[in-house]
Amino acid sequence: MDFALSNYRVDRRKLLDYGFKECVGGYVLYIELMNGEFTLRCFFDGNKLATKLLESDGEEYVLFNVSDGVGEFVGELRAAAEEKIKDIKEKCFEFVDVKEKVLAYVLDRYGTVPEYPWADEAAYADACTLKNGRGKWYGIIMTVPCEKLGLKSGGNLDVLNVKNSPSKVQELIDGKNVFAAYHMNKTHWLSVVLDANIPFEKVSELIDESFALAGAIKSRGRKND
């Protein structure tokens, strides 16, 4: 069972203090459950927390990961495991809502209030556009399936589409935080994943460049300018 943690910033010192050990590819922790009858293996690879429930003989207890696995005992096991995972997230990770930081940033710097042109469409209800004072788009925030960005991990990610000069677009794409634009012209636009893995200073820099390229009016200026 995997738990995506892309919107969480890990405190590696707290992870080690909790009991995780460094290993190849990340950090691992073994937790005994049900009076030692089972062991919960937790492996953090930098992006997600992968868990396996092991029986006393070391074999994986497969019903733990079967969605239609039912029964009082399986339910108790899941509840015990989820309680431990919740505790790990609360004590070792900090939730970072990058999307809200972006919206606060563009409001403060450019006076931009997001518009939701697809609010009536369930699949895109949360998607919003960022426009300059002349009504030109300089950003679009939407939720997209990971596979649309070429990522193998499941689930969805919040992305910000921004403009950039064609000469820089390809060099900015790293396949981790910045991708070829989803649903936009790939020559002029990029998709930036809004999670804790990219410094917000980088996100704000890309927003500023996009705003300028959109033929923007003067910004309000940074507070520290």
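Among the residues of the stretch 123-155, count how many are within 17 Å of the chain's Cα centre (by Cα), under 23 Å from Ser204 (Cβ atoms) and part of a strand (DSSP E or B).
Within the stretch 123-155, the first condition is being within 17 Å of the chain's Cα centre (by Cα), and the residues that meet it are 126-127, 140-155.
With under 23 Å from Ser204 (Cβ atoms) added as a condition, the list becomes 126-127, 140-144, 149.
Those still in the list that are part of a strand (DSSP E or B) too: 140-144.
Going through the stretch 123-155 one residue at a time, the tally reaches 5.
In the stretch 45-67 there is no residue matching the filter, namely being touching a strand residue (DSSP E or B) at 6+ places or on another chain (Cβ under 8 Å), of a type in the set (Phe, Trp, Tyr), under 30 Å from Val98 (Cα atoms) and surrounded by 13 or more Cβ atoms within 10 Å (Cβ to Cβ).
The residues on offer are Gly36, Gly46, and the sole one that is on the phi > 0 side of the Ramachandran plot and either among the hydroxyl-bearing types (Ser, Thr, Tyr) or touching a Ser or Thr at 6+ places or on another chain (Cβ under 8 Å) (or both) is Gly36. Checked against (1) modelled with pLDDT under 90; (2) surrounded by fewer than 12 Cβ atoms within 10 Å (Cβ to Cβ); (3) at negative phi, Gly150 passes all but condition (3). Within the stretch 90-114, restricting attention to residues that are within 18 Å of the chain's Cα centre (by Cα) and surrounded by 15 or more Cβ atoms within 10 Å (Cβ to Cβ), the residue that is farthest from Lys21 (Cα to Cα) is Leu103.
Against the numbered list (1) closer than 26 Å to Lys14 by Cα; (2) in a helix (DSSP H, G or I); (3) in contact (Cβ under 8 Å) with a residue 24 or more places away in the chain, Val106 comes up short only at (1). Of the residues contained in the stretch 23-30, none is found to be closer than 30 Å to Ala127 by Cα and buried (at least 17 other Cβ atoms within 10 Å of the Cβ). Restricted to strands (runs of 3 or more DSSP E) entirely inside the stretch 2-100, those with at least 1 residues that are aliphatic (A, V, I, L, M), more than 22 Å from Pro199 (Cα to Cα) and without any contact (Cβ under 8 Å) to a residue 40 or more places away in the chain are 26-33, 48-55. Considering Gly25, Gly71, the condition of being within 23 Å of the chain's Cα centre (by Cα), outside the structural domain of Met142 (by TED's automatic domain parsing) and at positive phi is satisfied by Gly25 alone.
The values are calculated or read from the model by the stated rules, or taken from the named source; none is laboratory data. These numbers were taken from a predicted model, which means no experiment stands behind them. Neighbour counts are summed over all protein chains in view; Cβ atoms, including those assigned to glycine, are modelled from backbone coordinates with ideal geometry.
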